[in-house]
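The structure appears below as structure tokens.
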Amino acid sequence: MRGIAGKVTLITGGIRGIGKGIARRFVEEGAQVIVTGSKDVENARKTVEELSKLGKIESYMADLSDAGAIDKMIDDVVKKYGRIDILINNAGIQIREWATEFKVEDFDKVLGVNLRAYYLAARAAARYMKKQGGGSIVCISSGNSERYTTRRSAYNISKAAVNGLVGTLGVEWGRFNIRINGVAPGYVMTDMVQKGIDEGIIDVDNIMLVIPMKRFLQPEEIASSVCFLASDEASGITGQVLFTDGGWSRAGLPEQRDI
């Protein structure tokens with residue numbers, strides 16, 4: 001992709017799953033990548049060790065529920081590299097419970113990581129991007145921002161709000177050459193999803209009824225969408241959310257795998 005090589009790129013939650021897939025792609029494209037985690041130092045070390053064979057990557061541990069820690073994270077990146085070119089807001093959490101039973105503190109926790117941290121990191125980065133003449137931000141939304149599923153109320157609400165964040169800040173920051181877009185993944189085969197399948201929590205047959213492509217996506221497919229929107233190839237695109245979901249967001253009635 002044009003405009004990725006050499007760019008200082010911060011990826012929150014980049015040490016596992018979709019985030020790790022995104023990190024791999026940006027390292028392969030020649031970016032200087034910083035991946036964040038909160039407490040999983042060992043997994044961060046393993047990710048950096050693995051991906052450093054492909055290019056430039058390091059880890060940074062930060063508590064994204066702490067506004068001060070988020071500002072410090074962005075400040076530290078700029079202090080070390082002199083700029084921040086690309087921010088990927090990817091870190092997210094999920095808590096499953098009926099809305100009637102959902103604890104207020106859990107609701108606040110989900111929105112704190114999935115929405116508040118995105119807003120705080122984006123504006124912290126934008127302050128520097130404005131001074132340096134521009135930059136690109138990509139926020140990871142979800143198919144659940146439009147296709148709602150039960151016992152995920154806080155998650156669904158947080159991701160719908162991410163779409164609003166992307167549109168709002170895209171309009172506000174476009175004049176400063178700061179682009180902000182979103183990618184909304186559908187069902188992606190990660191270690192966590194595979195664990196859910198193995199434990200019987202995830203019903204694959206049920207999921208396939210609503211996915212036109214009749215398969216799980218791979219992390220690298222999400223990474224391609226993120227890389228495109230962050231790159232100069234998408235220089236005229238801002239405030240948009242790209243649904244990379246195998247057609248799930250456009251499906252009508254559920255359908256069998258073969259009709």
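Values quoted throughout were computed directly from the atomic coordinates according to the rules given, and no laboratory measurement underlies them. Just so we're clear, the structure is a prediction, and the values are computed from it rather than from any experiment. A quick note on method: Cβ atoms are made from the backbone with ideal geometry, for glycine too, and the neighbour counts reach across all protein chains shown.
In this rough spin-label picture, where each label sits 7 Å from Cα along the Cβ direction, the residue 69-residue 172 distance is 2.4 nm.
Once the Cα-Cα distance is subtracted from the 0.36 nm per residue extended length, the residue 130 to residue 205 segment shows a gain of 22.3 nm. The angle between the Cα long axis of helix 41-51 and the main principal axis of the chain comes to about 80°, on a 0 to 90 degree scale. Report, in degrees rounded to the nearest 10, the 0 to 90 angle that the Cα long axis of helix 219-230 makes with the longest principal axis of the chain. It works out to around 40 degrees. Principal-axis analysis of the Cα atoms of the chain puts helix 67-81 at an angle of about 50° to the longest axis. Among the listed pairs 109/159; 20/56; 39/103; 46/109, those whose Cα-Cα separation exceeds 20 Å are 39/103; 46/109. Spacing of the modelled spin labels on residue 218 and residue 104, each 7 Å from Cα toward Cβ, amounts to 4.7 nm.
Put simply, when 19-31, 182-194 are sorted by average Cβ atoms within 10 angstrom per residue, most first, you get 19-31, 182-194.
Scalar couplings 3J(HN,Hα) for the stretch 232-241, obtained by applying the Karplus form with A = 6.51, B = -1.76, C = 1.60 to θ = phi - 60°, are 5, 4, 10, 4, x, 10, 8, x, 10, 10 Hz; x denotes Gly and Pro. Of the peptides 130-142, 36-48, the order by per-residue mean of other Cβ atoms within 10 Å, starting with the highest, comes out as 130-142, 36-48. For the listed peptides 217-224, 235-242, a ranking on the average number of other beta carbons within 10 Å per residue, highest first, reads 217-224, 235-242. Considering only 176, 160, 33, whose Cα is most displaced toward the positive end of the charge dipole of the chain, charges sitting on Cβ of Lys, Arg (+1) and Asp, Glu (-1)? Value: 176. Seen from a random direction on average, the alpha-carbon convex hull of the stretch 1-50 projects onto 3.2 square nanometres.
Diagonalising the gyration tensor over the Cα atoms of the chain and scaling each eigenvalue by 5 before taking the square root yields semi-axes of 29, 20, 19 Å, largest first. Annotation for the stretch 186-205 versus the stretch 18-44: alpha-carbon center distance of 22 Å. Residues whose amide H comes within less than 5 Å of that of residue 182, counting only those at least five positions distant or on another chain, are 139, 240, 241, 242 (H built at 1.01 Å from N in the peptide plane). Between residue 81 and residue 49, the distance separating the two model label sites (each 7 Å from Cα on the Cα→Cβ line) works out to 2.4 nm.
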